[in-house]
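The values are calculated or read from the model by the stated rules, or taken from the named source; none is laboratory data. The structure displayed is predicted, hence computed values, not measured ones. Glycine gets a Cβ as well: all are built from the backbone with ideal geometry, and neighbour counts include every protein chain shown. The area values use the complete protein model at the heavy-atom level, side chains included, leaving out ligands, DNA and RNA. Shrake-Rupley method; radii C 1.70, N 1.55, O 1.52, S 1.80 Å.
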Amino acid sequence: MITTNATNLRKDLFNVLNGVAKYSDPVTVNLKEGNVVLLNLEDYQNMMETLYLDSIPGMRESILKHKEIDESDFVSEDEVEW
């Protein structure tokens, strides 16, 4: 993670944003009023989805339980009647 201040961010804004977008490297920007974090949009959306799913009672346990299911229990997409 890169940490910078607003003055340095302003000087190299395009390159910093490009790094966040291309390499998913978050950036912390220290301001007098507080700190902010720049995130890649996909990383942010994944984080929000994880928080949402984790907020549903029993969802974490259900995901972990079904993670261990043997793939032979699944049906191929070709075998499903739509």
With every protein chain in place, segment 1-44: carbon and sulfur % of accessible area (1.4 Å): 55
Report Rg/Rh for the chain, rounded to two decimals, where Rg is the Cα radius of gyration and Rh the Kirkwood radius. 1.24
Which loop-located GluC sites (Glu not before Pro) does segment 3-82 contain, where loop means any DSSP state but H, G, I, E or B and the Cβ has at most 13 other Cβ atoms within 10 Å? 33, 68, 81
